[in-house]
Structure formats: structure tokens, C-alpha cells
Amino acid sequence: MYRGRFAPSPTGPLHAGSLVAALGSWLDARKQGGAWLLRIEDIDTPRCIPGADLQIQSQLLACGLQWDEEPEYQSSHQADYQKALEQLIAAKLLYPCTCSRQSIAQHLAKQGITSARNQEMVYPGICRPADLKADAATHTHEDKVAWRIALPQDCQITFEDLALGVQEQNLNQEVGDFVLRRSDGLFTYQLAVVVDDARQGITHIVRGADLLSNTARQIHLQKVLGYVRPNYLHLPLVLDEHGEKLSKQTLATQIHTEDAPHALAELRKAAQHLGLRNLPDGQGITIAEWLLAATHAWKS
Ligand code: GLU
Ligand code: ZN
């Protein structure tokens with residue numbers, strides 16, 4: 001049974017880019033007769049805006065994108081993430097780390113590696129013990145340490161994306177040992193998303209291609225936690241009416257869903273970005289009718 005989801009972070013109202021992800025995942029689930037769940041990813045508490053979750057829900061409803069089952073909140077699943085963390089610690093796959101961004105950058109600079117300001121640094125294994133098995137680290141509640149996963153020596157991940165085809169990433173070369181729980185005690189997106197998708201029995205992950213570079217990390221976590229790997233479909237880059245890639249700026253534009261004509265206009269824009277052509281122009285048609293036509297047009 002198909003189970004899909006839309007997993008927005010409540011850092012603000014839906015914008016053009018997130019509506020594309022919502023519509024794409026909704027259409028794919030509906031086309032395949034599956035369930036479509038809403039999960040509010042409020043794990044990075046400092047970045048969450050109070051009330052944004054409800055705003056997102058009312059925007060989705062205004063667009064006729066109704067979810068199945070009760071919406072879930074990551075903030076109420078801390079115990080699940082802790083359990084997964086402890087499972088991996090017991091398996092001797094994690095190690096504590098006290099590096100700051102700055103100390104990592106300095107270490108890399110000494111090796112002649114500099115990275116762009118906003119680019120993620122490949123972690124060079126500074127705190128990684130020589131022998132993971134010998135290290136008796138069990139102090140998971142101790143604060144001020146981050147927990148990193150020790151990648152196996154050759155960690156080349158290959159998967160087939162349903163839209164983009166075969167994808168490959170060498171985690172050692174491109175990411176390095178990554179963090180599952182931060183030194184401030186917050187679990188990271190990578191761990192939370194994998195635990196939640198497994199717990200909720202998600203079979204199809206349909207989301208924006210901006211998240212593609214995270215997928216290999218998530219597949220690695222699924223492997224070590226013994227979870228089933230879901231199918232992935234990353235929605236191809238969003239094009240504007242001239243066939244140009246939409247800028248970050250445009251994607252971040254606020255959407256207007258205050259009445260049905262506005263909501264329909266936003267849906268039509270999102271559909272265009274998804275490459276859906278020849279849909280009704282929205283004149284004299286309800287949102288439900290338009291969504292049905294879009295579902296028929298969706299290729300899954
Ligand atoms: N919460 C993530 C975001 O809004 C999406 C997570 C996902 O779809 O895997 O970017
Ligand atoms: Zn460290």
C-alpha cells in the first residue's frame with residue numbers, strides 16, 4: 001500500500017517552492033490510490049515560527065490538498081530519535097565530537113582545503129577514535145557533545161530516483177562522518193526524517209530536488225538501522241514560464257490562498273513547474289475539479 005507524505009518545516013507559511021512539493025507528492029499519492037500524510041518537521045526548534053504549522057495547514061486546505069490521518073509533529077517523537085541514536089551507539093557506529101564549525105574549518109585549512117562560506121564542510125574525522133569497537137562511549141545524555149556516525153571506508157551509495165534516474169554519492173568524499181545529534185541536544189534532520197519515514201511506513205518520498213543531496217545519507221542510515229528503503233522521487237527543477245530555472249528568490253515568494261481563485265492560480269503555477277501541460281485554465285471550474293484533471297495528467 002502506497003504511503004506518501006509532505007513534510008514541511010514550520011519556519012513560515014508555504015511559498016511557491018513548498019507548494020510545488022506539496023502538490024507533486026499529493027498528486028503522486030492520489031494517482032496511485034495511496035495515503036498522503038502531513039508531518040510537521042519542527043525538530044529544529046530555534047528556526048520554527050509559532051503558528052506556522054496551522055498556517056501551512058490552512059493553506060493546504062485552501063488548495064484542496066487534504067491529508068489522511070492526524071498530522072504528526074517531530075517534536076513529540078524525541079524518544080524515538082533517542083532510541084535510534086542509542087541503537088547505533090550500542091552497535092559502536094557513533095562517536096562523540098566536540099568540534100566547532102570554526103575548529104573544523106581551521107583543521108581543513110591546515111590541509112589546504114577551503115570551502116565556500118555556505119558550503120557544508122566534509123568532516124575530516126578529527127574526533128573519530130582509531131578503534132571504534134574499543135571505545136566505550138555510552139554517555140548519550142551528556143550534553144555539549146555532538147554524535148557523529150562513523151562511515152565505513154568505502155561508502156558509495158547508489159539509488160534509482162523515479163524521476164531523475166540512477167544517482168550516486170560517495171559519502172566519504174562528499175560529506176564525511178555526519179552529525180545525528182547536535183551538541184545542543186537537538187536531533188538532526190537526517191536522523192529524524194529517517195526514523196519518522198520508517199515509523200510511519202512511508203513507501204514513497206516525493207520532494208523537491210533541493211533535498212537530493214541528503215538522500216544518500218538517509219539511505220545509509222536506513223541500512224544501519226535495518227529499515228526498508230522507500231522509493232524516492234525528487235521533483236525536477238522548477239521552471240518559469242520561459243523555461244528558465246526558477247531562482248531561489250522566486251521559489252521563496254509568498255503564495256496567496258485567501259480565496260479560491262487565488263488558490264487555483266497558485267496551483268496552476270505549481271502544476272506548470274511540475275511540467276503538467278494542457279490542464280484546464282481554471283475558468284468556471286472548482287479546485288476539486290481542477291485537482292482531478294491534474295491527477296489524471298500526472299505520470300507516476
Ligand atoms: N522538512 C524538510 C523541508 O521542509 C523536508 C523534508 C523531506 O521532505 O524529506 O525542507
Ligand atoms: Zn570533533
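What the table shows:
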| item | result |
| --- | --- |
| Where a residue in region 105-132 is more than 18 Å from Glu174 (Cβ to Cβ) and part of a loop (DSSP other than H, G, I, E, B) and its partner, wherever it lies, is within 13 Å of ligand 2 (Cβ to nearest atom) and of a type in the set (S, T, N, Q), with Cβ under 7 Å and at least six apart | Cys127/Thr98 |
| Those helices (runs of 4 or more DSSP H) lying entirely in region 1-91 with at least 3 residues surrounded by 15 or more Cβ atoms within 10 Å (Cβ to Cβ) and among the polar types (S, T, N, Q) | 52-62 |
| Members of region 272-289 that are touching a helix residue (DSSP H, G or I) at 6+ places or on another chain (Cβ under 6 Å) and modelled with pLDDT of 95 or more | Ile287 |
| Residues of region 95-125 classified as surrounded by fewer than 15 Cβ atoms within 10 Å (Cβ to Cβ) and either at positive phi or within 9 Å of ligand 2 (Cβ to nearest atom) (or both), total | 4 |
| Long-range neighbours under 7 Å by Cβ, at least six apart or interchain, first residue closer than 21 Å to Glu70 by Cβ within region 1-22, second within 16 Å of ligand 2 (Cβ to nearest atom) | none |
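Yes/no matrix, rows are residues, columns are (1) near ligand 1 (Cβ under 10 Å from one of its atoms); (2) touching a strand residue (DSSP E or B) at 6+ places or on another chain (Cβ under 8 Å); (3) β-branched (Val, Ile, Thr):
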site: Ser25; (1), (2), (3): yes, yes, no
site: Leu37; (1), (2), (3): no, yes, no
site: Glu41; (1), (2), (3): yes, no, no
site: Ser58; (1), (2), (3): no, no, no
site: Cys63; (1), (2), (3): no, no, no
site: Tyr73; (1), (2), (3): no, yes, no
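The values are calculated or read from the model by the stated rules, or taken from the named source; none is laboratory data. Just so it is clear, the structure is predicted and the values come from calculations on it, not from any experiment. As a convention, Cβ positions derive from the backbone with ideal geometry for all residues, glycine included, and neighbour counts pool all protein chains shown.
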